[in-house]
Amino acid sequence: MKLIRTENYAEMSLEAGKIIVDKIRSNPRLTLGLATGSTPKGVYDYLIQDHGTNGTRYQQVKSVNLDEYIGLKAQDPNSYHYFMRQNLFKHLDISEHHTHIPNGAASDLKQECLRYEQLIKELGGVDLQILGIGQNGHIGFNEPGTPFSSRTHIVTLAKNTREANSRFFNSFEEVPAHAITMGIATILESKEILLLVSGEKKAEALLKFMNGEISEEFPASALKHHENVTVIADRDALKYI
Ligand code: F6R
């Protein structure tokens, strides 16, 4: 595992952005695994700015997102479909039918999980997966206790995850209680993984990740089984390391 130490959020975003752009330039048909939330936002801003300034092209790039809330339609401003469109896709020349996110409004959710898993296979797997980390160590929406063997599945969100994400909603009650997420085994099949960690709120999780044991009680620890993980963290997140 490689650790890149950065001063702050801006520098973390820049370092990650540069790695992603390099990969796309050397493989314009790359399949990118994407995350939502506060952590990757600066990276997406970098990709947008680079696309405008340097003309990096996304016409043949494919993307698969980690997760989506159950019960929110794609048009819902709190859905991850909406987040991705507003914060990245609409600013790039990526074609809409190359961008994939689990459908949390599907009528048959179990079937949707199987479809998503199959889709990732058909794309030839994820070349580069971007991950954030939850304060409880979740990756994607794989909460503590999720088997490392899990594939794309339906989850009940932990209370502290819903609390953390309630900042995007009007109230805690509005945060969906369930989501579809790529499983841990699905994530581990990515050829390369970039784990982004920023801010003091993530310092304990990062300490546990770096120095703790590998356990299903701390989902991110599964990444220690992967041979190509780069952690890019800022000074606040690295407080204890
Ligand atoms: C989002 C995701 C989550 C987030 C994590 C951190 O698609 O899969 O695992 O990466 O909850 O969220 P932020 O970045 O908002 O702190």
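None of the figures in this text is laboratory data; all of them are computed from the coordinates on show. A quick note: this is a predicted structure, and the numbers were derived from the prediction, not measured. Because the Cβ atoms are built from the backbone with ideal geometry, glycine has one as well, and the counts that use them run over all protein chains shown.
For the stretch 22-152, DSSP calls about 10 percent of its internal beta bridges antiparallel.
Determine the shape class of the chain: with a ≥ b ≥ c the square roots of the Cα gyration tensor eigenvalues, call it rounded for a/c under 1.5, and otherwise prolate if a/b is greater than b/c, oblate otherwise. Rounded is the answer for the chain, as its axis ratio a/c remains below 1.5. Mean residue ellipticity at 222 nm, helices only, the chain: -9500 deg cm²/dmol; runs of at least 4 DSSP H residues each add -39,500 (n - 2.57), and the sum is divided by the number of residues. Structural descriptor for the stretch 32-80: relative contact order 45 percent, calculated from alpha carbon pairs under 8 angstrom and at least 6 residues apart.
With 27 Å as the limit, the listed pairs Lys121/Lys159; Lys121/Lys202; Lys121/Lys224; Lys2/Lys208; Lys159/Lys201 have Lys121/Lys159; Lys121/Lys202 beyond it between alpha carbons. Take every pair of alpha-carbon atoms less than 8 Å apart whose residues are at least six positions apart; their mean separation over the length of the chain yields a relative contact order of 26 percent.
Would you kindly calculate the translational diffusion coefficient of the stretch 161-231, applying Stokes-Einstein with the Kirkwood radius from alpha carbon pairs, for 10 °C and a viscosity of 1.306 mPa s, and quote it in µm² s⁻¹ without decimals? Rounded, D is 112 µm²/s.
Across the stretch 32-164, Cα pairs under 8 Å and at least six residues apart give a relative contact order of 28 percent. Placing +1 on each Lys and Arg Cβ and -1 on each Asp and Glu Cβ, with no other charges, gives the chain a dipole about its Cα centre of roughly 340 debye. Phi angles of the stretch 233-241 translate, via the Karplus equation with coefficients 6.51, -1.76, 1.60 and θ = phi - 60°, into HN-Hα couplings of 10, 9, 4, 5, 5, 8, 2, 9, 10 Hz per residue; Gly and Pro are given as x.
Summarising the amide proton neighbourhood of Ser63: residues at separation of 5 or more, or on other chains, whose placed amide H is nearer than 5 Å comprise Leu32, Thr99, His100.
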